[in-house]
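Engineer: Take a look at this one; I'll ask things after.
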Amino acid sequence: MSRTVRTRTFLVVGLAVAMLLAGVVSYYASSHPDGLEHVAEQAGFADTAEESATADGPLADYRVKGVEDDRAAGGLAGVVGAAAVLALSLGLVHLVRRRGSRTGEPSAGPSPDPATVPDNGRATDPEGSRHADAERGPLDGRR
Amino acid sequence: MHVPDGFLDAPTSVATGVVAAAGVGLALRKARAELDDRTAPMAGLVATFVFATQMLNFPVGLGTSGHLLGGALAAVLVGPWTGILSVSVVLLVQALLLADGGITALGTNITLMSLVGLVVGWLVFRGLQRVLPKRVGLVPVLAAAGAFVSVPAAALAFTGLYAVGGTAPIPLDTLAAAMLGWHTLIGVGEAVITGLVVGSVVAVRPDLVYGARPALAVRTLEIRSDAGASA
């Protein structure tokens with residue numbers, strides 16, 4: 001049996017690695033077109049691509065608008081994007097679990113669109129168990 | 001493999017939007033059974049890790065690159081239903097914040113990467129796990145096999161969608177051959193990354209790997225029976 005790494009340590013290290021990949025290592029990624037883009041160019045339908053409605057956004061194309069330095073603009077966009085993914089996914093998972101714990105309540109036909117997930121500030125906290133405890137208080141009070 | 005707006009016509013995009021909504025809706029119901037205090041934070045970590053790794057395009061042949069899709073990786077680490085939610089969040093954030101993948105193509109991208117790629121990767125993993133010895137050490141290898149198949153599967157699904165609703169008249173056999181060829185190569189990268197990441201987690205905390213649970217259960221039984229035999 002190998003030595004056990006605490007769950008909290010594991011999550012913190014994993015998150016640090018992810019942020020390092022998004023914020024620093026991403027600068028060294030290949031900038032060649034990916035498989036689909038390449039095939040589209042070769043087959044001759046690359047020009048049918050339309051610009052995304054979000055193409056003028058502050059983080060569009062993995063570059064923070066207004067930041068001149070390539071490394072900083074890309075790394076910052078990666079970190080902000082990764083933080084958004086973390087917050088949304090933890091929030092969504094939290095909602096799925098909370099909905100499951102309320103038995104007898106008719107399922108309110110939740111939208112499958114993850115965009116509707118409320119951005120619970122605590123969702124950015126990687127320690128999921130603590131939210132559950134924090135949420136149970138007011139819920140129990142309501143019953 | 002993020003599909004931009006304009007590649008597929010409106011009816012096809014609406015159809016994939018419906019498929020994506022149905023798939024994510026089902027995952028919202030089913031993920032509940034996979035989620036506990038240990039797996040819930042893992043779902044957030046896995047989504048963040050897939051997002052970060054998708055930024056790391058690796059070269060494939062001359063002038064082309066590929067990046068991890070992450071479906072098989074997510075499914076093996078946190079379970080298929082939770083994995084669908086994790087990868088869908090990644091695709092949503094990419095489309096909305098980073099203009100990576102079109103807005104009208106979001107349903108297509110969720111269908112291709114979060115549903116087809118992930119489900120195929122998971123089924124290959126589970127199928128192999130069923131017929132092979134249940135060893136914890138095999139889990140990263142099986143995950144890599146699932147990952148390898150998942151990429152050409154998603155590429156083939158795109159070809160199918162393009163055959164139905166592509167906006168340019170492209171010969172289907174040419175498109176299928178090109179998509180399959182390049183994405184089989186990218187699948188090798190997908191397999192290597194998935195194998196390494198799952199292997200790392202299995203080495204440190206095998207109990208945090210959803211796909212390792214059957215093998216861990218067998219190992220516990222063996223330890224118990226060994227203890228019983230020596231007693």
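Engineer: Mind checking which helices in chain B clear 27 Å along their axis (Cα) and have mean Kyte-Doolittle hydropathy of 0.5 or more, DSSP H runs only?
Structural biologist: Correct list, ordered by number: B:10-34, B:139-165, B:172-204.
Engineer: Which number do you get for Rg(Cα) / (2.2 N^0.38 Å) in chain B?
Structural biologist: Taking the Cα Rg and dividing by 2.2 N^0.38 Å, one obtains 1.06.
Engineer: Stretch A:ALA72-A:VAL12 to full length: gain in nm at 0.36 nm per residue minus the Cα-Cα span?
Structural biologist: Result: 19.3 nm gained on full extension.
Engineer: Same structure, new question: Enumerate the amide H contacts of B:GLY66 below 5 Å, restricted to partners 5 or more residues apart or on another chain; note that Pro and chain-start residues carry no placed amide H.
Structural biologist: B:PHE58, B:VAL60
Engineer: Defining a contact as two alpha carbons under 8 Å apart and six or more residues distant in sequence, what relative contact order in percent does chain B show?
Structural biologist: 26
Engineer: Relative to the present Cα-Cα distance, how much length would full extension add between B:LEU128 and B:LEU172 at 0.36 nm per residue of separation?
Structural biologist: Extra length from B:LEU128 to B:LEU172 when fully extended: 12.7 nm.
Engineer: Name the long-range amide H neighbours of A:GLU50: under 5 Å, sequence gap of 5 or more, or other chain; modelled H, no Pro or chain starts.
Structural biologist: B:ASP5, B:GLY6, B:PHE7
Engineer: Still on this structure, I have one more. At a 1.4 Å probe radius, carbon and sulfur cover how many percent of the accessible area of region B:10-230?
Structural biologist: Answer for region B:10-230: carbon and sulfur cover 72 percent of the accessible area.
Engineer: A follow-up question, please. Ordering A:LYS65, B:LYS30 from largest to smallest accessible area (1.4 angstrom probe), what's the sequence?
Structural biologist: I get A:LYS65, B:LYS30, largest accessible area first.
Engineer: Something else now. Looking at region B:151-198, which residues lose a minimum of 10 Å² of accessible area between their chain alone and all protein chains in place, measuring with a 1.4 Å probe and not counting ligands or nucleic acids?
Structural biologist: Listed by number, the residues meeting the 10 Å² cut-off are B:PHE158, B:TYR162, B:THR167, B:ALA168, B:ILE170, B:LEU175, B:ALA178, B:MET179, B:TRP182, B:HIS183.
The values are calculated or read from the model by the stated rules, or taken from the named source; none is laboratory data. The model shown is predicted, which means the values in this text are computed figures rather than measured ones. Ligands, DNA and RNA are stripped out before the accessible areas are found, and what is left, the full protein with its side chains, is counted by its heavy atoms. Shrake-Rupley method; radii C 1.70, N 1.55, O 1.52, S 1.80 Å.
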